[in-house]
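Here, each number is a calculation from the coordinates, and none is a lab measurement. Since the model is a prediction, treat every value here as computed from it, not as a measurement. Reconstructed Cβ throughout: ideal geometry from the backbone, glycine too, with neighbour counts over all protein chains shown.
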Amino acid sequence: MIKFFLMVNKQGQTRLSRYYEHVDINKRTMLEAEVIKNCLSRSKDQCSFIEYKDFKLVYRQYAALFIVIGINETENEMAVYELIHNFVEVLDKYFSRVSELDVSFSASEIHL
């Protein structure tokens, strides 16, 4: 079972988070910080599966974006790894190659 889904940039900022089990807001911040630190500190040569506390992390990097999914012990890591890739392909087709840089803006660009 999937416990959470995170999209994180290389600077460690969470761009999207979705939790499928209740986690307090304070614990979410700590959990995300630890998960991000674990995934970003690994080299590209290391496995994309990490055992973390009472669940597993499956992550994949696309340019400057990391997608991390937390799963329970019984879930198939390879299936989740493929799910991440399929999710990215769908986003790519739907949004026609949008990157994180395309949606960034400064406060001066906001017109009220």
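Some observations on this one:
- In the stretch 13-30, the qualifying residues are those that are touching a residue at least 12 places away in the same chain (Cβ under 8 Å) and not charged (D, E, K, R), and the one that is farthest from Tyr59 (Cα to Cα) is Val23.
- Restricting the search to strands (runs of 3 or more DSSP E) fully inside the stretch 6-78 and requiring at least 3 residues that are in contact with a Ser or Thr (Cβ under 6 Å, 6 or more places away or on another chain) and surrounded by 16 or more Cβ atoms within 10 Å (Cβ to Cβ) gives an empty result.
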